[in-house]
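Okay, so here's the structure we're looking at.
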Amino acid sequence: MVMNQYNVSADQARRIINVLGAGSKEGAGEIPYLTVGFEKAGTTASLAGLSIETLAATLETLAPRFSSPEIAGRGLRGMLMRLQVGADDTNPTINGFATAIENLGKKMLTPQEKLEMFGLENINVANTLITNVQELKHYEKALTGTNVALQQAAINTDNNNAKLAQARNQLNVMSIELGEKLAPALTISTSSLAYFVKFLTVIIDFIGRNKVVILTLIYSLTAYAVAVKTASLYHGILNKLKGMSNLPMLELEIQTTDRLLNGILWTLGPYLDEKGAIMDRPWLFELAESYNEIVSMLPAHWKLEHHQFLHYD
């Protein structure tokens, strides 16, 4: 959705993911809030010269004051349109958004003048940004050049490794407790107990030594299932288009395919710039191959040129 609003290519997916991740971490607006805000105001913000980082910072400034991202997004869109046709010193296309807001605040407009300038639907958003322009600048700085998404992925990996170590230790403790509880009942056959404990030890050792292979197999099967589902969905869309003359339905199918491809990109985004990251992970490789296969079959009249072939080594 963000790539569509700003008409950027797939190589910007990592930047967008980091901006949204940093925004949800720094401010009150979670990623779904920001996504809806971009949907409502993204195109107008792009034309007004607002960067992806600036628009995300603006939405984070509005989030604590507007619980509905639809209202915040529509109000911001209306405000930007009014500013672009106004004076040069408050035009974000000329001076940048934060500077334009600061200049607007210096004018000390009366409530009546603000109402005439922005209209009833947009005045609350305008007042909020004028009052909290320093907060906007803080978010803008925090969201620029961030790697929050990659850092969070690393944290999640460390947490998973810690949980795996805890699980292994707990399993060892449980095996000891199991042996202690079974010992009284197996005093007649101590050799049987020894063989049983040995069997458990071998199983635990096998899982510990081959956990990577086992997890890879599981992930590969999962990725294969996702790839099959992806291809099935795409072919289903093509079958529906045969003989279809209803333009609203055609638009729905295009949006469905676009969202599917965007979802794959969001999954692959943190790994695209890391050499060998996708090739070393079979489940990511399957998703990337599915993405390229779907892109190769996109009809030209669907106008989804922002989806290009992914290159990975």
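Values in this text are rule-based calculations from the coordinates and carry no lab data. These figures come from a predicted structure and were not determined experimentally. Glycine also receives a Cβ, built like all others from the backbone with ideal geometry; neighbour counts cover every protein chain displayed.
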Peptide ranges 283-289, 18-24, 271-277 listed from the most packed, as the mean C-beta count within 10 angstrom indicates: 18-24, 283-289, 271-277
In Hz, Karplus ³J(HN,Hα) per residue of the stretch 106-113 (6.51, -1.76, 1.60; θ = phi - 60°; x = Gly, Pro): 5, 6, 6, 5, 6, x, 5, 5
Convex hull volume of the stretch 10-120 per residue (C-alpha atoms, cubic angstrom): 103 Å³
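Holding the Cα-Cα limit at 27 Å, pick out from K40/K137; K40/K275; K107/K141 the pairs that are longer than that. If you can, show how the numbers build up before the last one.
Working: K40/K137 22 Å; K40/K275 36 Å; K107/K141 25 Å.
As for pairs spanning more than 27 Å Cα to Cα, those are K40/K275.
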